[in-house]
Amino acid sequence: MIRVVIDTNVLASGTFWNGTPARVLSSWRKKDFQLLVSPEIIEEYQRTLGKLAADFPTVFIGQVLETIELHSKWVNPKPIRGVCRDPDDDKFIAAAVAGRADFIISGDQALLDVGNYQGIQILNPARFLNNRK
């Protein structure tokens, strides 16, 4: 099974809106791939979804996060620095390396510009879904 790290912007977009990021999350729920998370990624997921939750009262953020925490593979990465021009995004690369991920899915240009790191492809949601066909 392929292993994937999902950037926070894809998770947030897929949680609150329909579209390609939502199709990525649906693919994960169907067990088309294994989601990799780290404590740092979960913290960022919680912060970001928590900020958006007030605008979406019908979305139960606690349930979304609990599902991710229970149905993902946890990794404890060693810090990686200086790979991405946005140092805050290096945590996604570190988790991908620790979990031997095949892909990082992101809409963040700073991550997308890395393109490939140690054989891990960094793709936007549409390219990831097209790559899976």
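Couple of notes before you dig in:
- Counting only DSSP beta bridges whose two residues both lie in the chain, roughly 15 percent are antiparallel.
- Mean Kyte hydropathy of -1.0 or more with a Cα span along the axis of at least 15 Å, helices from DSSP in the chain: 39-53
- Length gained on full extension, ALA110 to ARG132: 5.6 nm, using 0.36 nm per residue less the C-alpha separation.
- Kirkwood Rh and Cα Rg combined as Rg/Rh, the chain: 0.93
Values quoted throughout were computed directly from the atomic coordinates according to the rules given, and no laboratory measurement underlies them. Since the model is a prediction, treat every value here as computed from it, not as a measurement.
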